[in-house]
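A.B. asks: Got a structure for you, written out below as structure tokens; questions coming shortly.
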Amino acid sequence: MRVQSSLTSRFAVLTIAVAAALTLPPLAPAQSAIACSFAAASDPGEQARSEYDAADVVFAGRVVKERVHRVATYSPDGMGVSYSGYVNYRIKPSRVYKGYVHSPQRVRFGGLGSSCESKLPGKGPFLIFADKPSADDAAKFAKRGVRAPLYSGACSGTRKFDPAKVPYGPGRPG
């Protein structure tokens with residue numbers, strides 16, 4: 001009986017500790033886990049050239065409009081929910097370093113809820129590395145009477161814009 005009482009009290013203490021851990025607010029502010037960031041991560045050099053070469057379009061600009069699209073996905077057992085989605089931006093280009101952009105340019109950042117969170121921190125200016133839409137995507141948007149957006153994200157090389165740190169030449173007006 002004494003062993004059972006000891007096990008019962010240990011179980012009660014463990015249950016209380018778990019309940020407290022799940023219900024109490026965290027001691028430190030929560031931060032999202034971001035594998036890639038929009039910080040100025042690249043020095044002029046090989047990484048910057050690689051990001052430039054990988055992108056269809058490279059331009060600098062400021063956010064003029066942001067629209068977040070979140071999708072909730074529930075687990076089959078009903079015990080959990082995860083969120084995913086994307087953010088549509090309208091960005092007013094100031095300099096174009098590669099490709100062609102419109103003014104304002106629609107850019108879709110995917111990956112909300114992933115380890116590569118894709119939401120621009122503020123209005124900018126940003127150096128945007130983006131890809132053109134596929135032919136199928138372009139056709140789908142054209143049926144709706146709109147241009148397809150460019151596609152980008154935090155892991156594309158997109159970062160805060162500093163004209164002194166752009167190794168691609170002066171670019172052209174946006």
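Conditions (1) surrounded by fewer than 14 Cβ atoms within 10 Å (Cβ to Cβ); (2) at pLDDT below 90, marked per residue:
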{"position": "TYR97", "(1), (2)": "no, no"}
{"position": "ARG108", "(1), (2)": "no, no"}
{"position": "CYS116", "(1), (2)": "no, yes"}
{"position": "PRO133", "(1), (2)": "no, no"}
{"position": "ASP136", "(1), (2)": "yes, no"}
{"position": "GLY145", "(1), (2)": "yes, no"}
{"position": "PRO163", "(1), (2)": "yes, yes"}
{"position": "ARG172", "(1), (2)": "yes, yes"}
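A.B. asks: Keeping to region 57-83, report how many residues are touching a helix residue (DSSP H, G or I) at 6+ places or on another chain (Cβ under 7 Å) and either modelled with pLDDT under 80 or more than 30 Å from ALA164 (Cβ to Cβ) (or both).
C.D. replies: So the answer is 0.
A.B. asks: For GLY169, state whether it is on the phi > 0 side of the Ramachandran plot and outside any helix (DSSP H, G or I).
C.D. replies: Spelling it out, GLY169 is indeed on the phi > 0 side of the Ramachandran plot and outside any helix (DSSP H, G or I).
A.B. asks: So, one more: Only one of these conditions is not met by TYR168: (1) of a type in the set (Ser, Thr, Tyr); (2) farther than 11 Å from VAL58 by Cβ; (3) in contact with a strand residue (DSSP E or B) (Cβ under 6 Å, 6 or more places away or on another chain); (4) at pLDDT below 95. Which number is it?
C.D. replies: With respect to (1) of a type in the set (Ser, Thr, Tyr); (2) farther than 11 Å from VAL58 by Cβ; (3) in contact with a strand residue (DSSP E or B) (Cβ under 6 Å, 6 or more places away or on another chain); (4) at pLDDT below 95, TYR168 is out only on (2).
A.B. asks: Still on this structure, I have one more. Going by the conditions given, is ILE128 more than 13 Å from the chain's Cα centre (by Cα), β-branched (Val, Ile, Thr) and surrounded by 15 or more Cβ atoms within 10 Å (Cβ to Cβ)?
C.D. replies: Spelling it out, it is not the case that ILE128 is more than 13 Å from the chain's Cα centre (by Cα), β-branched (Val, Ile, Thr) and surrounded by 15 or more Cβ atoms within 10 Å (Cβ to Cβ).
The values are calculated or read from the model by the stated rules, or taken from the named source; none is laboratory data. Source: prediction; values computed, not measured. Positions of Cβ are backbone-derived with ideal geometry, glycine not excepted, and every protein chain shown enters the neighbour counts.
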